[in-house]
Amino acid sequence: MPVRSCVSTYVQSNLPELAPCRSRKLPVGLWFEIERGCRCEYMSYLFFHLPPVSDYYDIIAAHLILNPDNTPFVGNPPRKLNVQALSDNFKDCYTTYMSRPEGIGSTNIEVSMPWQPSQIMVDVTNIVKMWYSNILPNRGLALLPDRGGTQNGIWVFASPYHLNWSLHPVLHIYTDERCHACSFVETCNVTLTEQFSCTREVWCFSVWTFVVQNIGDKGVRVRLQDSPDGSVFFDEVPELELAPGKMEVLVNQYFTRFSRVKYRLAEGETGEGRIKLWLQGRQG
């Protein structure tokens with residue numbers, strides 16, 4: 001899912017009280033002013049409002065996409081930049097170099113920059129996972145210069161205030177459905193007519209079993225069934241007979257996406273019996 005940056009700003013060390021407001025550009029780099037004998041640092045900051053992710057999904061990857069501005073360079077573009085999660089908040093139109101937020105050094109991602117202007121993709125998966133798991137608060141990202149670099153130049157990226165909407169910074173978050181390791185419990189009435197338990201999706205479990213207990217006073221027969229699509233089933237063997245109070249574990253012989261239990265009364269029985277079913281599985 002693409003998430004567009006909603007707030008950004010930048011700061012520069014040679015104008016420490018400057019608080020840019022809705023700047024269309026995000027400069028990052030070092031600029032040496034030989035006449036004044038000073039080195040100016042340009043740093044930029046981005047914030048993304050994270051959308052909720054259901055408990056049924058895991059985050060598997062997250063990529064930050066940055067697009068160069070129409071004038072992508074000033075001077076000789078630096079060969080490396082850094083991306084870090086922020087430990088403090090920033091505020092557009094208020095944050096200055098003197099009040100700039102600190103980055104979290106342990107989250108630093110070193111980004112090798114191309115020779116020619118092109119879209120930049122940064123793998124920020126670990127940072128985004130820590131945001132969602134509340135290990136880190138989401139206060140945004142810092143785009144920082146390589147302080148050890150010798151290039152006298154600045155990269156200039158488009159901000160979320162840029163007139164060209166297609167150039168705005170984007171965070172792409174990729175998710176995959178999670179299979180919960182848990183126990184499903186079901187109680188069924190058993191008659192002479194063949195019936196079936198609920199169909200369960202089992203293919204993302206590395207280990208799983210159906211446990212069946214006869215909780216009635218009639219003999220019952222049970223058999224595991226498998227299916228590739230949840231609609232067409234075939235029998236596993238053998239069919240098992242359970243006397244009242246007995247319990248059996250049913251383990252599949254074949255790998256399919258879906259499974260269920262078929263059940264009926266044993267020969268010679270009349271009336272109605274009862275069984276209890278557990279599906280228990282785990283990943284890894």
Of all stretches in the chain that avoid GluC sites (Glu not before Pro) placed in a DSSP loop and having at most 14 other Cβ atoms within 10 Å, the longest is 103-193
Potential lengthening between I59 and Q119 on full extension [0.36 nm per residue; Cα-Cα distance subtracted]
19.3 nm
Restricting segment 43-119 to trypsin sites (Lys or Arg not before Pro) in coil, as DSSP defines it, with at most 16 other Cβ within 10 Å
R79, K91
Any idea of the accessible area per residue across the chain, 1.4 Å probe, to the nearest Å²?
51
Segment 5-177 shape via C-alpha gyration tensor axes, a/c threshold 1.5
prolate
Take the alpha carbon gyration tensor of segment 53-94, find the square roots of its eigenvalues, order them as a ≥ b ≥ c, and report rounded if a/c is under 1.5; if not, report prolate when a/b exceeds b/c, else oblate.
prolate
Per residue of segment 107-113, in order, report the coupling 6.51 cos²θ - 1.76 cosθ + 1.60 (Karplus, θ = phi - 60°) as ³J(HN,Hα) in whole Hz, putting x for Gly and Pro.
9, 4, 10, 7, 10, 7, 9
Segment 203-284: C-alpha gyration tensor shape, a/c 1.5 cut-off, then a/b vs b/c:
prolate
In the chain, carbon and sulfur make up what percent of the accessible area (probe 1.4 Å)?
51
Amide H partners (placed H, <5 Å) of V124, local residues excluded
A62, H63, L64
Give, in nm to one decimal, the length gained when the segment between M1 and R282 is fully stretched (0.36 nm per residue of separation minus the Cα-Cα distance).
98.4 nm
Read phi for every residue in segment 90-95 and hand back ³J(HN,Hα) as whole Hz from Karplus 6.51 cos²θ - 1.76 cosθ + 1.60, θ = phi - 60°, with x for Gly and Pro.
10, 9, 4, 6, 10, 5
From the helices alone, meaning DSSP H stretches of at least four residues, give me the mean residue ellipticity at 222 nm for the chain, per-run term -39500 (n - 2.57), in deg cm²/dmol to the nearest 500.
-1000 deg cm²/dmol
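The values are calculated or read from the model by the stated rules, or taken from the named source; none is laboratory data. Note that this is a predicted model, so its numbers are computed, not measured. In this analysis, Cβ positions are derived from the backbone assuming ideal geometry, glycine residues included, and neighbour counts consider all displayed protein chains. In case anyone asks, the SASA skips ligands and DNA or RNA and just uses the protein heavy atoms, side chains included. Shrake-Rupley method; radii C 1.70, N 1.55, O 1.52, S 1.80 Å.
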